[in-house]
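So that we are looking at the same thing, I have put the structure below in structure tokens.
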């Protein structure tokens with residue numbers, strides 16, 4: 001149900017819509033009602049007049065998910081973003097959060113505390129990161145393809161993407177397709193979104209995005225028709 005809501009815009013559905021969707025995916029009405037009650041009690045969902053919607057934390061997750069699928073890019077001029085961590089003595093949890101935030105911004109760590117990526121993304125930096133970082137625009141002497149290979153394992157990402165596409169297309173079972181589509185979205189959140197000139201010829205990023213977009217439209221139409 002969270003996967004359905006994360007893919008819906010706006011991210012809310014009436015209970016009868018969720019019940020119809022659950023039946024479509026082989027989930028009983030009693031099981032769904034228990035799950036909705038537990039998710040509401042846990043604060044993952046909010047309910048108003050029979051309509052369930054995502055809470056603020058999951059709305060932020062949906063925003064990140066949407067950005068991973070539709071990342072905004074600008075023409076690349078051979079420049080790189082560089083962010084250097086300039087604070088020390090932080091707790092382990094704070095260091096882990098910093099790594100998570102920088103990874104979400106699609107940077108990769110060249111060495112401890114030094115994060116980089118090609119400057120081809122159009123996105124805002126979280127204000128809360130600014131006091132902990134020194135940010136620069138750089139033009140490395142190393143060849144760009146060599147630096148990319150140091151920062152990301154593009155071969156492994158490609159192999160996983162191809163496996164997900166094959167798994168998704170090989171089944172007609174609604175629940176298996178939903179699970180595969182959710183895995184595709186998760187994989188896209190780790191796409192470095194590099195300039196085209198730095199990508200392997202067989203890069204599956206665009207195909208993964210097109211596959212998920214088509215499935216999302218298909219799923220909405222299917223669940224709407226089922227409820228109707």
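Yes/no matrix, rows are residues, columns are (1) closer than 17 Å to residue 67 by Cα; (2) over 21 Å from the mean Cα position of the chain (by Cα):
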residue: 91; (1), (2): no, yes
residue: 98; (1), (2): no, no
residue: 110; (1), (2): no, yes
residue: 115; (1), (2): no, no
residue: 118; (1), (2): no, no
residue: 123; (1), (2): yes, no
residue: 130; (1), (2): no, yes
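Okay, moving on. Return yes or no: is residue 74 outside the structural domain of residue 107 (by TED's automatic domain parsing), farther than 30 Å from residue 121 by Cβ and in contact with a strand residue (DSSP E or B) (Cβ under 9 Å, 6 or more places away or on another chain)?
Criteria not met by residue 74.
Quick check on the stretch 60-67. Is at least one of its residues within 24 Å of residue 130 (Cβ to Cβ), touching a residue at least 24 places away in the same chain (Cβ under 8 Å) and surrounded by 14 or more Cβ atoms within 10 Å (Cβ to Cβ)?
yes
Among the listed residues 164, 194, identify the single one that is in a loop (DSSP other than H, G, I, E, B) and either modelled with pLDDT of 95 or more or at positive phi (or both).
Values: 164 fails: in a loop (DSSP other than H, G, I, E, B).
Every option except 194 fails the conditions.
Just to be sure, is residue 43 exposed (fewer than 14 other Cβ atoms within 10 Å of the Cβ), assigned by TED's automatic domain parsing to the domain that holds residue 7 and in contact with a strand residue (DSSP E or B) (Cβ under 7 Å, 6 or more places away or on another chain)?
It is false that residue 43 is exposed (fewer than 14 other Cβ atoms within 10 Å of the Cβ), assigned by TED's automatic domain parsing to the domain that holds residue 7 and in contact with a strand residue (DSSP E or B) (Cβ under 7 Å, 6 or more places away or on another chain).
So residue 184 clears everything in (1) more than 30 Å from residue 81 (Cβ to Cβ); (2) in contact (Cβ under 8 Å) with a residue 24 or more places away in the chain except one condition, right? Which one?
Evaluating residue 184 over (1) more than 30 Å from residue 81 (Cβ to Cβ); (2) in contact (Cβ under 8 Å) with a residue 24 or more places away in the chain leaves (1) as the failure.
Among the residues of the stretch 142-153, are any more than 18 Å from residue 203 (Cα to Cα) and either touching a residue at least 40 places away in the same chain (Cβ under 8 Å) or touching a helix residue (DSSP H, G or I) at 6+ places or on another chain (Cβ under 9 Å) (or both)?
yes
While we're here: Can we say residue 1 is buried (at least 18 other Cβ atoms within 10 Å of the Cβ) and under 20 Å from the mean Cα position of the chain (by Cα)?
Yes, satisfied.
Sticking with this structure for a sec: Kindly evaluate residue 135 against the criterion of being surrounded by 11 or more Cβ atoms within 10 Å (Cβ to Cβ), over 25 Å from residue 205 (Cβ atoms) and modelled with pLDDT under 90.
Answer is no for this residue.
In the set 12, 65, which member is modelled with pLDDT of 85 or more and within 20 Å of residue 217 (Cα to Cα)?
So the residue among 12, 65 that is modelled with pLDDT of 85 or more and within 20 Å of residue 217 (Cα to Cα) is 12.
Being touching a strand residue (DSSP E or B) at 6+ places or on another chain (Cβ under 6 Å), under 24 Å from residue 212 (Cβ atoms) and at pLDDT 90 or above narrows it down to one residue among 102, 107, 54; which is it?
Going through 102, 107, 54 in turn, just one is touching a strand residue (DSSP E or B) at 6+ places or on another chain (Cβ under 6 Å), under 24 Å from residue 212 (Cβ atoms) and at pLDDT 90 or above: 107.
Please work out which one of (1) surrounded by 14 or more Cβ atoms within 10 Å (Cβ to Cβ); (2) within 26 Å of residue 180 (Cβ to Cβ) is the condition residue 33 fails and give its number.
(2)
The values are calculated or read from the model by the stated rules, or taken from the named source; none is laboratory data. Everything numeric here is computed off the predicted structure, so don't read it as measured data. Cβ sites come from the backbone with ideal geometry, for glycine too, and all protein chains shown count toward neighbours.
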